[in-house]
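Chemist: Have a look at this one before I ask anything.
The values are calculated or read from the model by the stated rules, or taken from the named source; none is laboratory data. These numbers come from a predicted model, not from an experiment. When we count neighbours, we look across all protein chains shown, and the Cβ atoms used for this are built from the backbone with ideal geometry, even at glycine.
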Amino acid sequence: MPERIRVAVVDDHPLFRAGVVFTVRSAPDMEIVAEGATAQEAVQIGRYHAPDIMLLDVSMPGGGIEAASEIHRLCPMVKAVMLTVSENPSHVSAALQSGVSAYIVKGCSGAELLQIVRGVQNCESYITPALAARLLAQPKQPRVDTGLQATLALTHREDQVLQLLSEGLMNKEIAYKLRLTEKTVKHYMTELMQKLNVRNRVEAVLIARKRIDAKAANEIYLADASLLVLKSNAEFRPGRTLDAEGDQPLAPKHRLGGGGACSAPAGVSAPVGGL
């Protein structure tokens, strides 16, 4: 029989905490190993009980994000999950930076919570879809920019895994798509997360999405540059010079001087070097 998932719940609202504890205990594959109400207690629980999963609240005394960061530093095997009412994108971003594996908004069903806990135990990450959309709309942090450059160091297989991850696939689905074992996919996931310098799958997805956006922007630029070259080849023939709008030939007195390289006419800019 598989070992049960060891869960700790830290929240300063006793009634809510009791409800979460009841929900977790109702799952045959989980058990509660400790409860707490403050950031200090969360760190102590991490050090002395070493649960598999610790559910934290952002706004508890001492700060849930601060607790998650300290737990990540002292007890890296403990997976922190934020279960909170806060939908502030800055809280989401800070929580991810602190090393949490999931960010859940209070109000989710008991079944959803248990499913997310199982996913996190299986080295998966989760963030409420609405919050993920808001986070993607926020200005990107330098950490993500560094990761974007790091994608160049990924192997072909790691790049495939990252692409499928960005499409929302879980490890088992990625394994099926690539005809690999789930264990092998987990290995590739660990390798690419180290190369991208991210702590969880959500940050990896943000990098993958930014890479897609950058690629699309570059393709649009190249398409515009190609149209400009085609227009130049078709219209800038010897003996004919266009006006600033590029539509009508200029009168002879306005033609560009001959001999040597010519600068572009007013209003027509040469494309800037590619990214």
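Chemist: Consider GLY147 carefully, then state whether it is of a type outside the set (D, E, K, R), part of a helix (DSSP H, G or I) and at pLDDT 85 or above.
Modeler: No: the conditions fail for GLY147.
Chemist: So GLN121 passes all but one of these: (1) surrounded by 15 or more Cβ atoms within 10 Å (Cβ to Cβ); (2) within 18 Å of SER166 (Cα to Cα). Which condition number does it fail?
Modeler: (2)
Chemist: What is the one condition in (1) over 19 Å from GLU3 (Cα atoms); (2) touching a strand residue (DSSP E or B) at 6+ places or on another chain (Cβ under 8 Å); (3) part of a helix (DSSP H, G or I); (4) of a type outside the set (A, V, I, L, M) that ARG73 does not satisfy?
Modeler: The single condition ARG73 does not satisfy is (2).
Chemist: Also: Considering only residues of region 77-105 that are small (Gly, Ala, Ser) and not in a loop (DSSP other than H, G, I, E, B), which is surrounded by the most Cβ atoms within 10 Å (Cβ to Cβ)?
Modeler: ALA80
Chemist: Can you tell me which residue is surrounded by the most Cβ atoms within 10 Å (Cβ to Cβ) among those in region 21-41 that are part of a helix (DSSP H, G or I) and either modelled with pLDDT of 95 or more or not aliphatic (A, V, I, L, M) (or both)?
Modeler: Of everything passing the filter in region 21-41, VAL24 is surrounded by the most Cβ atoms within 10 Å (Cβ to Cβ).
Chemist: Could you run through region 156-171 and say how many residues are free of Cβ contacts under 8 Å to residues at least 12 places away in the same chain and more than 30 Å from PRO89 (Cβ to Cβ)?
Modeler: 1
Chemist: Pairs needed: first member in region 182-196, touching a residue at least 24 places away in the same chain (Cβ under 8 Å) and of a type outside the set (A, V, I, L, M); second member anywhere, surrounded by 15 or more Cβ atoms within 10 Å (Cβ to Cβ) and in a helix (DSSP H, G or I); C-beta distance under 7 Å; at least 6 residues apart or different chains.
Modeler: LYS186/ASN171; TYR188/ARG157; TYR188/GLU158; TYR188/VAL161; GLU191/GLU158; LYS195/ALA150
Chemist: What do you reckon, is SER59 small (Gly, Ala, Ser) and surrounded by 17 or more Cβ atoms within 10 Å (Cβ to Cβ)?
Modeler: Answer is no for this residue.
Chemist: Continuing with this model, one more query. Taking the options LEU55, LEU15, name whichever one is closer than 22 Å to LEU114 by Cβ, assigned by TED's automatic domain parsing to the domain that holds ALA132 and in contact with a Leu (Cβ under 7 Å, 6 or more places away or on another chain).
Modeler: Unique residue meeting the criteria: LEU55.
Chemist: Hey, does region 114-123 have a residue that's in a helix (DSSP H, G or I), at pLDDT 85 or above, of a type in the set (Val, Ile, Thr) and out of contact with any helix residue (DSSP H, G or I) (no Cβ under 8 Å at 6 or more places or on another chain)?
Modeler: Scanning region 114-123, I find at least one residue that is in a helix (DSSP H, G or I), at pLDDT 85 or above, of a type in the set (Val, Ile, Thr) and out of contact with any helix residue (DSSP H, G or I) (no Cβ under 8 Å at 6 or more places or on another chain), so the answer is yes.
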